[in-house]
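Read the structure below first, then the notes.
Each reported figure results from applying straightforward, stated rules to the coordinates on display, with no laboratory input. Because the structure is predicted, anything quoted here is derived from the model rather than measured. Here the Cβ is made from the backbone with ideal geometry for all residues, glycine too, and neighbour counts use every protein chain on show.
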Amino acid sequence: MTEGPSKTLETRTGLPDALRVLLEDYPRESWESHPNFDGLTRFWLERHLMFREILARLQTDAEAMLDRRIAPRAYGQRLSRLGGMFLNELHGHHMIEDHQYFPMLSGRETRLAAGFELLDADHHALDGHLNALADAANAVLRGLGAGDATDDTGRLHAALGGFAPFLDRHLVDEEDLVVPVILKHGPDLHG
């Protein structure tokens, strides 16, 4: 049984059962074959995949730097580019969801309003983690400029590893709540 709605992003292991009602009718394995699985849904899920992939790349790059398998300058350039993209794109994605998609979807499925509130709370919790990641990445970049960023890179690597389960928990829960609503209401959402 999944944990109750009072659980935070850092402590829950899945959506509460009361928020999984549509997932039972629209299981993951049926999503792509559903007639209401359109380009917007595919794009949205691809964005989630992109966030997971960039985070994994940031972790792999930090490991390569710690193992001296990448030149410090190349690492700094990649960290700056990928880290900035990750933070900016994730923040923008959350803003659109909070201000446009979640209110619209919650209006279509009022019984799931608590789920959209939970996802919104996740976004605020993730902001704190993202700020910490930005601080850690900036420390690495400063260290690289000063000639040694080994300790800072180790701290960034640990922060990325600690953040990954929170991001994945949020993305999985968000997908499990949002996609079934879209599949159920399909064309009605655009009207």
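This ranking places 20, 68 by how few other beta-carbon atoms lie within 10 Å of each, fewest first, which gives 68, 20.
Each Cα pair under 8 Å and six or more residues apart adds its sequence gap; the mean of these over the residue count of the chain is a relative contact order of 36 percent. You can think of it this way: the chain between residue 33 and residue 67 has 7.9 nm of extra reach, that is 0.36 nm per residue less the Cα-Cα gap.
Per-residue ellipticity at 222 nm from helix content only, as computed over the chain with -39500 (n - 2.57) for each DSSP H run of at least four residues, stands at -24500 deg cm²/dmol. Got a sec? Charge dipole of the chain, +1 on Cβ for Lys and Arg, -1 for Asp and Glu; which of 96, 60, 178 is way out at the positive end? Of the candidates, 60 comes out farthest on the positive side.
Rg over Rh of region 70-164, using C-alpha atoms and the Kirkwood radius, what does it come to? Provide the component values of the computation, followed by the final result.
Details: Rg = 17.2 Å, Rh = 15.0 Å.
So for region 70-164, dividing Rg by the Kirkwood Rh gives 1.15.
Approximating the spin labels as points 7 Å out from Cα along Cα→Cβ, the residue 17-to-residue 121 distance works out to 2.0 nm.
A Cβ-based charge dipole, computed about the Cα centre of region 1-81 with Lys and Arg at +1 and Asp and Glu at -1, lands at about 640 debye. Each residue, residue 138 and residue 42, gets one label point 7 Å from its Cα in the Cβ direction; the gap between the two is 4.0 nm. Placing +1 on the Cβ of every Lys and Arg and -1 on the Cβ of every Asp and Glu, with no other charges, gives region 17-185 a dipole of roughly 640 debye about its Cα centre.
On the beta carbon distance between residue 8 and residue 77, with R0 = 45 Å, the FRET formula returns roughly 0.80.
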